[in-house]
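Worksheet for the structure shown next.
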């Protein structure tokens, strides 16, 4: 299988490319700088520039491009970057795919999305039938997913994986929290009652591979473990995994001071998201509960 991947140097992209190549698949990585290797192709999503020949004949395209949501304080300019980086990259790929002859068009576009679509769900468990929520991130996801429409109109199968918090010791939120917890300084965020929808990196990559191969699945698919966890229980589990106490409480005002708007929509948001479509399609999770996941990922 020939797969074109954008965002290939990122946290998810690196793991996905490694997995695909381990099974003998041909992977082409889209890069914004001049190509330096035979497996790279240059593009400029902000200018909507992508040579059609790069996608022609590919079996699948995976779009993982997008500015990091939690790495910067949310100024108005950075919020614009979060939105534009996702919509521009998706629009560029979708319109390029749509413009190809039928015989050269990829069969599937796997376009990364996020559980932020649902906003704050409070205590309510939601699956893919749930309505879109309120707030900046929910609006970003709606526009992000809508940008795939040109490819869908051309008959390409579109899958938008709405990922939760992806856990891995080598990247993402877990990598940032581990040093603090290993020092015994970790603790819950605020009341700790907010739900966190998470997925272990091996299951994230496994689910993406599953969706690339499963022609019967299209549209939004929640990529979250079947058992969401409250922040206070996640905190306790992480502390157990590193054999340290976790008695601290990080007050809401401190998180607001550090992250601004991301505090409400990314840190203290309560999301209880269920992967109904993934499970109904027959995907088997390796890590269902948070204790087994953290123990395996950290050791």
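Matching residues to (1) closer than 21 Å to residue 264 by Cα; (2) surrounded by fewer than 21 Cβ atoms within 10 Å (Cβ to Cβ):
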{"site": "96", "(1), (2)": "no, no"}
{"site": "99", "(1), (2)": "no, yes"}
{"site": "110", "(1), (2)": "no, no"}
{"site": "117", "(1), (2)": "yes, no"}
{"site": "123", "(1), (2)": "yes, yes"}
Exercise for the section: Could you grab me the full set of residues in the range 253-289 that are more than 30 Å from residue 218 (Cβ to Cβ) and surrounded by 15 or more Cβ atoms within 10 Å (Cβ to Cβ)? Expected result: 255, 256, 259, 260, 261, 262, 263, 264, 267, 268
Problem - Check on residue 62, under 19 Å from residue 205 (Cβ atoms) and touching a residue at least 40 places away in the same chain (Cβ under 8 Å) - result: yes
Problem - Residue satisfying all of: in the range 111-128; under 23 Å from residue 150 (Cα atoms) and in a loop (DSSP other than H, G, I, E, B); nearest to the chain's Cα centre (by Cα) among these - result: 112
Fill in the blank from the handout: Turns out the helices (runs of 4 or more DSSP H) fully within the range 229-288 with at least 2 residues that are within 23 Å of the chain's Cα centre (by Cα) and modelled with pLDDT of 95 or more are 231-241, 276-280
Practice task
Please identify the pairs in which a residue from the range 145-173 that is at positive phi has its Cβ atom under 8 Å from the Cβ atom of a residue that is part of a loop (DSSP other than H, G, I, E, B), counting only partners at least 6 apart or on another chain.
Solution key: 155/105
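The values are calculated or read from the model by the stated rules, or taken from the named source; none is laboratory data. Since the structure is predicted, the reported quantities are computational estimates derived from the model, not experimental observations. Please note: Cβ atoms are built from the backbone with ideal geometry, for glycine as well, and neighbour counts cover all protein chains shown.
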